[in-house]
1. Considering only segment 41-55, I want to know if a residue exists there that is in a strand (DSSP E or B), at pLDDT below 85 and under 20 Å from PRO187 (Cα atoms).
2. Can you work out which of the residues in segment 145-175 that are modelled with pLDDT of 90 or more and among the β-branched types (Val, Ile, Thr) is nearest to TYR202 (Cα to Cα)?
3. Within the group VAL199, VAL206, VAL235, which residue is surrounded by 15 or more Cβ atoms within 10 Å (Cβ to Cβ), over 30 Å from TYR123 (Cα atoms) and either β-branched (Val, Ile, Thr) or modelled with pLDDT of 90 or more (or both)?
4. For a quick check of your reading of the model, give me the residue pairs whose first member lies in segment 219-237 and is free of Cβ contacts under 8 Å to residues at least 40 places away in the same chain, whose second is assigned to a strand (DSSP E or B), with beta-carbon atoms closer than 7 Å and at least 6 apart or on different chains.
5. For segment 57-74: of the residues being outside any strand (DSSP E or B) and under 18 Å from ILE107 (Cα atoms), which is modelled with the lowest pLDDT?
6. Any chance segment 176-191 includes a residue that's at pLDDT 85 or above, on the phi < 0 side of the Ramachandran plot and exposed (fewer than 12 other Cβ atoms within 10 Å of the Cβ)?
7. Does segment 133-160 hold any residues that are among the aliphatic types (A, V, I, L, M), surrounded by 11 or more Cβ atoms within 10 Å (Cβ to Cβ) and over 21 Å from the mean Cα position of the chain (by Cα), and which are they?
8. Filter segment 96-112 for residues that are polar (S, T, N, Q) and more than 16 Å from LYS239 (Cβ to Cβ) and give the result.
Amino acid sequence: MKKTLFSALLLSVSVLSVAQVGINTNDPKTTLDVNGSFATRESSVAISGSTATLDIKNAFYKITGGTANFTIVFSTTAPVGSNIQNGQRIVIYNDTNFEGSYNSFKIPSKTAQEFIYSGGAWYSVKAASNTPSQLKWFYAPSMILDTSYTTTARTYNIYENYKKQFTNTGTETNVNYGPTGTIATIPVYSSSGDLDYVVTGYDKSVFYDVSINSSGILSYKVNGAATDKTFMNIVFVPKN
């Protein structure tokens, strides 16, 4: 009798270990089926110096304080930090007035961003809410270059002029209307170092000695008069 009871108990445990779990439902469709809302507890982290260190014990962190842009660090201290599992997720809300960064990922002021752990590193799940979507590449906006003849190299800051156009801080005022009203600014990459720059083509009858550096500054010389067909194409390539 004892042997039979023990076997039945083992069978019960085995069945329960693979059962689907339902919360507020008697008919779960997945391993864990929640019928309703759920929340993760918020953990507040104050910036120390220029660093915000997250201890990886919680799933949601609000970063506060700070007097300037700061760096985000994920702790690797035992027992939690040294046992991070692939697939672990963390949401970070930047409640400061400054930009936070983890490696090359940026979290602007008053925005949230989610990270996921895989293969020994944390990765951004998507771009923060007021930064551009993660494109493979995009063209620089139209800009006016001085094309008067010169044998001395001229320079033009492509990145800064792109930023001025998109944030409406240049000499020209944007005229626009979006689906929810006037759009004051367009999301931009906040640092020239967030992008690579490629000149994909230009009018060789007008321009020569063309180059562009890692800060988005174009250098060129002019050897002929520009026409209505003169062009230069510049592509921005986001690094992440």
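The values are calculated or read from the model by the stated rules, or taken from the named source; none is laboratory data. None of these values were measured; they are calculated from a predicted model. Please note: Cβ atoms are built from the backbone with ideal geometry, for glycine as well, and neighbour counts cover all protein chains shown.
1. The answer is no, given that none of the residues of segment 41-55 is in a strand (DSSP E or B), at pLDDT below 85 and under 20 Å from PRO187 (Cα atoms).
2. Residue satisfying both the conditions and the ranking: THR147.
3. Numbers: VAL199 fails: over 30 Å from TYR123 (Cα atoms); VAL235 fails: over 30 Å from TYR123 (Cα atoms).
Going through VAL199, VAL206, VAL235 in turn, the sole match is VAL206.
4. If the second residue must be assigned to a strand (DSSP E or B), the pairs left are PHE231/TYR202.
5. Here the residue is ALA59.
6. no
7. MET143, LEU145, ALA153, ILE158
8. If the condition is that a residue be polar (S, T, N, Q) and more than 16 Å from LYS239 (Cβ to Cβ), then THR96, ASN97, SER109, THR111 are the ones that fit.
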